[in-house]
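First up is the structure itself, then whatever we jot down about it.
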Amino acid sequence: MSHIHSFEGLPVDFQNFQSEIQVDSPGRINLIGEHTDYNDGFVMPTAIDKKIYFEFRRNDSDHLCRIYSKTFDRGFEFNLRKIEKGSGWENYIIGVVNELLLLDRKLSGFDCIIESQLPVGSGLSSSAALECGLAGGLNALFQLGLDRIEIVKLSQKAENQFVGMNCGIMDQFASAISKKDHILKLDCRSLEYDFIPADFKNCQLLLLNTNVSHTHTDSGYNSRRQDCEDAVSIIQQQYPAVASLRDVSFELLEEQKNQLSERQYQRCSYVLEENKRVQESAIALKEGKLREFGKLMYLSHEGLQHQYEVSCKELDFLVDYSRDKHFIYGSRMMGGGFGGCTINLIETDQVENFLQEVKPAYKEAFGIELDSIIANADEGTIVKK
């Protein structure tokens, strides 16, 4: 018998909900550096001004937890003493609670209302926003004393071990640590980071949501990670000091090419090239060379399309559609792939005209409505009492 009970509609005693803690937990974009995080590489994400909002209160029970989503007008309850897997979005919540219990943190019954502005499956990392927002709220509600890096790590662990999605640390890090009007440049091995001003001059970041979504766990995400790890295992036979692709140079990869399958070689080549692009992008953005940064975005997409093979025809259509537009400096798929958004660096005064052109073209090609989001670099998780 399951100890997770779903319910429809707002529970009666939630109608005058007096919250003790509120949390704003942002989604994130990644300007460049895709599929590099779990290879100990470099990424360049930031939180955005689209968020999941949480309200928390303690209830009078020792072990009953109730979660209600305003967005879906339904919720579920579960028992702290009998943690078990649910289905779908429930597992992101239960997984975080489970990690807190494994850390021997003292929790008791609580109620939580969630409202999301983040489209699921869009590549804006609603899962990390859910995890970090919940962990941050419970940390404050029960005075658990966790710092932000601990919240990031336990949120990632919940997704890896409870949900079964073998993601790197980028999404949770960006959701929790970002700074308003800045881009994070993060070293996913050392977790050292610096902030680059998000100064796009006459341009802004436009996301185009394909509204095609293939969830990561049953897409090729985990298998791409496996390809990289298998390649590292082969290289380690001759070079035991190589712990991840971060330790592999272009020269070493060429030397080992005959030991690897063509697919493994292409995956590795992409990761090494993408890490280099992140470094070059950081310099270009600091120097205000937006056209140069845009070229790196296009190269990133081509690598994801042909070497890493995580794009899809809808994403490729949108990137190709942008290429002959002088007012679009760069475009690439963003996120795990197989759907979600493209991220475009576009001159601000051209956004409306471009949308009027690209939306009908996309609808004609695929019979799907195209959604657009203007993304601004924003603060990481905010907890209010």
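The values are calculated or read from the model by the stated rules, or taken from the named source; none is laboratory data. Worth saying up front: this structure is predicted, and the values here are computed from it rather than measured. Protein only, heavy atoms only, side chains kept; ligands, DNA and RNA dropped before computing areas. Shrake-Rupley method; radii C 1.70, N 1.55, O 1.52, S 1.80 Å.
Ligands, DNA and RNA left out, the 1.4 Å accessible surface of the stretch 135-240 is 44% carbon and sulfur atoms. Using a probe of 1.4 angstrom and keeping all protein chains present, the accessible surface of the chain works out to 42 square angstrom per residue. Rounded to whole numbers, the Karplus 3J(HN,Hα) couplings from phi for the stretch 348-360 are 4, 6, 9, 4, 4, 4, 4, 5, 5, 8, 6, 5, x Hz, using 6.51 cos²θ - 1.76 cosθ + 1.60 with θ = phi - 60°, and x at Gly and Pro. Rg of the Cα atoms in the stretch 226-275, relative to 2.2 N^0.38 Å, amounts to 0.96. Along its principal axes, the stretch 56-195 has C-alpha extents of 43, 31, 27 angstrom, given from the largest down.
Remark on the stretch 270-385: Rg and Dmax equal 15.3, 50 Å (Cα only). Equivalent ellipsoid of the stretch 243-300: semi-axes from √(5λ) of the C-alpha gyration tensor, largest first, are 27, 12, 7 Å.
Of HIS301, HIS326, HIS35, the residue with the greatest mean-square motion in the GNM of the chain, using alpha carbon springs below 10 Å, is HIS326.
Averaging the sequence gap over all C-alpha pairs within less than 8 Å and six or more residues apart, then dividing by the number of residues, gives the chain a relative contact order of 24 percent.
Note on LYS289: aspartates and glutamates with a C-alpha under 13 Å away, same-chain residues under 8 apart excluded, are ASP199, GLU280.
Size descriptors for the chain: radius of gyration and Dmax over Cα atoms are 21.3, 67 Å. Rounded to the nearest 10 degrees, the inclination of helix 290-302 to the longest alpha-carbon principal axis of the chain is 80 degrees.
Counting only alpha carbon atoms, the long axis of helix 262-286 and the longest principal axis of the chain meet at about 80°.
A 21 angstrom limit on the alpha carbon distance is what I want to check against. Which of LYS276/LYS313; LYS325/LYS359; LYS201/LYS276; LYS51/LYS385; LYS106/LYS180 exceed it? In this structure, LYS276/LYS313; LYS201/LYS276; LYS106/LYS180 exceed 21 Å between Cα atoms. When the P(r) of the stretch 1-109 is calculated, the portion above 24 Å amounts to 39% of the C-alpha pairs.
Straight-line cross-link reach from LYS153 at under 18 Å between alpha-carbon atoms covers these aspartates and glutamates, not counting any fewer than eight positions away in the same chain: ASP37, ASP40, GLU99, ASP104, GLU131, ASP171, ASP187, GLU192. Distance from the C-alpha centroid of the stretch 155-222 to that of the stretch 305-348: 17 Å, rounded to the whole angstrom.
Given an 8 Å cut-off on Cα distances and at least 6 residues of separation, report the relative contact order of the stretch 129-260 as a percent. Reported as a whole number, the value is 14 percent. First compute the accessible area of the stretch 10-77 with a 1.4 Å probe, then give the percent of it belonging to carbon and sulfur atoms. Reported share for carbon and sulfur atoms: 41 percent. Largest mean-square fluctuation among MET44, MET165, MET333, in a Gaussian network model of the chain whose springs join Cα atoms under 10 Å apart, belongs to MET165. Working value for the stretch 124-193: equivalent-ellipsoid semi-axes of 18, 16, 12 Å, each the square root of 5 times a Cα gyration tensor eigenvalue, largest first. When the Gaussian network model of the chain links Cα atoms closer than 10 Å, the mean-square fluctuations of ASP24, ASP247, ASP13 top out at ASP13.
So, with a 1.4 angstrom probe, what is the percent of accessible area on the stretch 265-323 that is carbon and sulfur?
On the stretch 265-323, the fraction of accessible area on carbon and sulfur atoms equals 51 percent.
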